[in-house]
Amino acid sequence: LKLHGSPAAETRPDEPKPPTVSALKRPAGLTQAGGRKWSQMVKLLGQVPGLLTIVDAESLQQYCELWAVQRDALAHCKAHGWETETARGMGPSPAAGRYFRVTDALIKLQDRFGLNPASRASIRTDTTATPQVDKKAAYFA
């Protein structure tokens, strides 16, 4: 409740809290690029107390997977061009379409984590808590 700004939060000391960043483990199915992004984002988001918990793992995994897809689509467009010859003339390449669709999805996920100024202004976290980082997990991440 406190994260949502409810005044009733202080009256319920027994309210369960979701596990923190130290409990997050990199999902096994991530690509190499997605895995690197995962480590970077856990480190970055873990610096804000209360922002990243284990319940966010699935959304963060989606973000990292989409980030890797966007990166690959951009590389393809840079190497082969943004347009391709079609039966009706020139049109956007499939990679360009993928790039723009994935970018739209990434923007929505960025809003969930406060990764742009507009969404950051609306996020409330527990700023009194100190981030709990598992040093062993951080070393092997």
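The values are calculated or read from the model by the stated rules, or taken from the named source; none is laboratory data. This one's a predicted model, so the numbers in the text were calculated from it and none came from an experiment. Ideal geometry is used to build each Cβ from the backbone, glycine not excepted, and the neighbour counts take in all protein chains shown. Just so you know, the surface numbers come from the protein's heavy atoms only, side chains and all, with ligands and any DNA or RNA stripped out. Shrake-Rupley method; radii C 1.70, N 1.55, O 1.52, S 1.80 Å.
Restricting attention to the range 62-100 and to residues that are of a type in the set (A, V, I, L, M) and farther than 28 Å from PHE113 by Cα, the residue that is least open to solvent (accessible area, probe 1.4 Å) turns out to be ALA79. When the test is whether a residue is under 18 Å from ALA28 (Cα atoms) and either modelled with pLDDT of 95 or more or acidic (Asp, Glu) (or both), ASP56 passes it. ILE107 meets each of the listed conditions (1) assigned to a helix (DSSP H, G or I); (2) surrounded by 16 or more Cβ atoms within 10 Å (Cβ to Cβ) apart from (2). For beta carbons closer than 7 Å, sequence separation of 6+ or different chains, a first residue in the range 48-59 that is polar (S, T, N, Q) and a second that is surrounded by fewer than 16 Cβ atoms within 10 Å (Cβ to Cβ), the qualifying pairs are THR53/PRO18; THR53/PRO19; SER59/ARG112. Pairing residues of the range 89-106 that are more than 14 Å from GLN62 (Cα to Cα) with residues that are of a type in the set (Gly, Ala, Ser) and loosely packed, with under 13 Cβ neighbours inside 10 Å, at Cβ distances under 6 Å and at least 6 apart in sequence or on separate chains, gives no pairs at all.
Looking at the range 46-61, is at least one residue crowded, with 16+ Cβ neighbours inside 10 Å and among the acidic types (Asp, Glu)? Checked the range 46-61: at least one residue is crowded, with 16+ Cβ neighbours inside 10 Å and among the acidic types (Asp, Glu).
Table: residues versus (1) touching a helix residue (DSSP H, G or I) at 6+ places or on another chain (Cβ under 8 Å); (2) not hydrophobic (A, V, I, L, M, F, W, C).
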position: GLN32; (1), (2): no, yes
position: LYS37; (1), (2): yes, yes
position: GLY46; (1), (2): yes, yes
position: GLN70; (1), (2): yes, yes
position: GLY89; (1), (2): no, yes
position: ARG98; (1), (2): yes, yes
position: ILE107; (1), (2): no, no
position: ASP111; (1), (2): yes, yes
